[in-house]
Each structure stands twice: as structure tokens, then as C-alpha cells.
Amino acid sequence: MKRFELERAITGNELVLHFQPIVEVPSRSVRGVEALVRWKHPERGIVSPMEFIPEVEATGLIRKLTLWVLREALLHASVWRRDGVPTAVGVNLSAVDLRDAGFQRFLDNTLKVAGGPEHLVAEVPARGLAADPPVGMLELMRSKGVRVAIDDAGEGDGHVIENLPADIVKVGRALVSRLAKDHRVAAFATALVAAAHERGFRVTAVGVEDAVTWERVAAIGFDTAQGFLIAPPMPPAELAEWRATRA
Ligand code: C2E
Ligand code: MG
């Protein structure tokens, strides 16, 4: 992928957001959604963020991408509020954003236009936080009413939740997909959830694909979950339909 292509994607309307429901365990009532970016490439079709986010970070375009995603996600959130279905939306930030001095100003400006900081969850990658955690930035976001989620936590990230100002811990698919298969993984998750609850965090299981894992997630005491068992990430119109059929 060339820089000009990535730049064109961001500025030229080739990005789209899909939204994946996050539901309460065990009731399955919707608690929010996560915004997940896709690239509608003119020749290649839909390109996964796993493929292009690392390059966007490496080329220094991540700031532009984050700004686009944040604005778009907050505009959707304001539409949902207007339509009487207020919905919290999680936006994935990059570790680069959290060290960007201009980021806070941008967030302020976007919130001024779109409103609703209480409906925004800033998802920050656990692995980008370990060495030199951007505590000031996380505290600032929380002081504005934005919730902070430590994203994609896994084995080895226990210490991250000890020290960070946050509201939510999202346990990643690498761990969740092994919950029902590996007792050691289940024991680790149980300890992690207990430690997170002790700190007052809510805990989300990401990547619940089957009923056995759902049962395990419920037994361990996760607060919320997302995964293909409930629903995949969907374009906004499909999300609305999905919600309507469940109501
Ligand atoms: P993430 O934040 O951990 O998002 C969850 C990923 O797990 C999503 O992949 C979602 O589609 C996938 N997933 C959820 N449930 C299941 C399941 O039951 N089974 C399987 N196999 N997968 C499931 P996706 O959309 O491909 O995104 C991958 C990663 O790309 C995200 O991981 C996030 O780190 C990054 N990403 C996505 N959108 C953005 C963005 O707007 N900005 C940044 N900086 N990163 C993003
Ligand atoms: Mg995420």
C-alpha cells in the first residue's frame, strides 16, 4: 500500500465505519457499539483494518484517520440520540494519538460540534500503554466525561489495569477464544476480572463466537460481551435493522 493510496482513502471518502453491538451479560441487552473502520478500496474491495492500520501508523497518517473515525462515530451517536436510541460508541485510538499534543484540542472541538462525551468510549490499546503510560491524557479525557477502555488486554497485561485511570477493560479475542478450552486461561481471566472489579472497572469479553464461550464468560462474571455469536460489525443501516428485529 502506497502512502498516496492511504491518504486518498482517508481524505477521499473511501473509509466506512461498521458498528458491532456490545451487550450485557447475561441479559443480552445492548449496552453500546464499537466503531470499526473498513477501507472500501476501488479495486480490492473491503480491506480489513488489520491490514492497513499498521501502515497508517507508520506513515504518520494515523492522526488524520483517528480524526475522521472520531468525527464520524460521534455524528452517528448524535443521530442515535436524536432517534431516541442513545448508544455509547467505542472508538479505537492508536498509542500514537495519545502522545499527540494536538489530539486533545481536536477531541474538544469535535465534542463541541457533535456533543455527547458521555456516549463516547475511548479504546486505548493495552500493549501501547505499558512502557510509558499516557496517564495525563487518559485523566484529561475522563475529566471531560469520556470513558476510557483498556483494549485488547490479554495474558501479561495484569499490571496495566493496576496503574491506569480507566473505566472499562476489554479482554481480547486471543484470550476469550481459549476460555472454554484451556483451564489455565479461564483461571487467568477469572483473576483479571476480579482485579478489574476491585478497581471499579467494567469488563468486556471480545470475540465470543459460541454458546460454550458465552456460558463461560457469564460464569466468570464479565459485565458485557461482543462477538459473532451476538452480531458481527455492521454498516449503520444494518445495525438499525438488527436492533429493530430484537425490540
Ligand atoms: P479490536 O479493537 O480489538 O476490535 C475487535 C476486533 O475483533 C474487530 O476486528 C472485530 O471485527 C473482531 N471480532 C469481534 N468479535 C469477533 C468474533 O466473534 N470472532 C472473530 N473472529 N472476530 C471478532 P476488525 O474490525 O478487523 O479490527 C481489528 C483491529 O483493528 C481492532 O481490534 C483495532 O485494534 C483496529 N481498528 C479497527 N478500527 C480502528 C480504528 O478506527 N482506529 C484504529 N486506530 N484501530 C482500529
Ligand atoms: Mg477495540
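The values are calculated or read from the model by the stated rules, or taken from the named source; none is laboratory data. Given the structure is predicted, the values throughout are model-derived calculations rather than measurements. Note: ideal-geometry Cβ built from the backbone for every residue, glycine included; neighbour counts use all protein chains shown. We work out accessible area using only protein heavy atoms, side chains counted, and drop any ligands, DNA or RNA first. Shrake-Rupley method; radii C 1.70, N 1.55, O 1.52, S 1.80 Å.
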Legend entry - Number of positions in the range 207-233 that are open to solvent by 20 Å² or more (accessible area, probe 1.4 Å) and not hydrophobic (A, V, I, L, M, F, W, C): 8
Inset, instruction - Could you check how many residues of the range 30-42 are open to solvent by 20 Å² or more (accessible area, probe 1.4 Å) and either over 18 Å from the mean Cα position of the chain (by Cα) or hydrophobic (A, V, I, L, M, F, W, C) (or both)? - result: 4
Inset, instruction - Could you check, for the range 72-87, whether at least one of its residues is open to solvent by less than 30 Å² (accessible area, probe 1.4 Å), under 17 Å from the mean Cα position of the chain (by Cα) and within 11 Å of ligand 1 (Cβ to nearest atom)? - result: yes
Inset, instruction - Could you please find all residues in the range 115-129 being at pLDDT below 90, small (Gly, Ala, Ser) and within 16 Å of ligand 1 (Cβ to nearest atom)? - result: 128
Inset, instruction - Give, as residue ranges, the helices (runs of 4 or more DSSP H) completely inside the range 139-247 that count at least 1 residues that are out of contact with any Asp or Glu (no Cβ under 9 Å at 6 or more places or on another chain). - result: 158-163, 183-198, 211-220, 236-246
Inset, instruction - Scan the range 15-31 and give yes if some residue there is within 24 Å of residue 241 (Cβ to Cβ) and modelled with pLDDT under 95, otherwise no. - result: no
Inset, instruction - Determine whether residue 93 is within 14 Å of ligand 2 (Cβ to nearest atom), open to solvent by 30 Å² or more (accessible area, probe 1.4 Å), touching a strand residue (DSSP E or B) at 6+ places or on another chain (Cβ under 6 Å) and aliphatic (A, V, I, L, M). - result: no
Inset, instruction - Tell me, yes or no, whether the range 142-158 has at least one residue that is open to solvent by 10 Å² or more (accessible area, probe 1.4 Å), among the β-branched types (Val, Ile, Thr) and away from ligand 1 (no atom under 13 Å from the Cβ). - result: no
Legend entry - In the range 172-203, residue most open to solvent (accessible area, probe 1.4 Å) [restricted to those that are more than 10 Å from ligand 1 (Cβ to nearest atom) and in contact with a Ser or Thr (Cβ under 7 Å, 6 or more places away or on another chain)]: 202
Legend entry - Elements of type helices (runs of 4 or more DSSP H) contained in the range 1-119, each with 2 or more residues being touching a Leu at 6+ places or on another chain (Cβ under 7 Å), over 24 Å from residue 142 (Cβ atoms) and not small (Gly, Ala, Ser): 3-11, 49-58
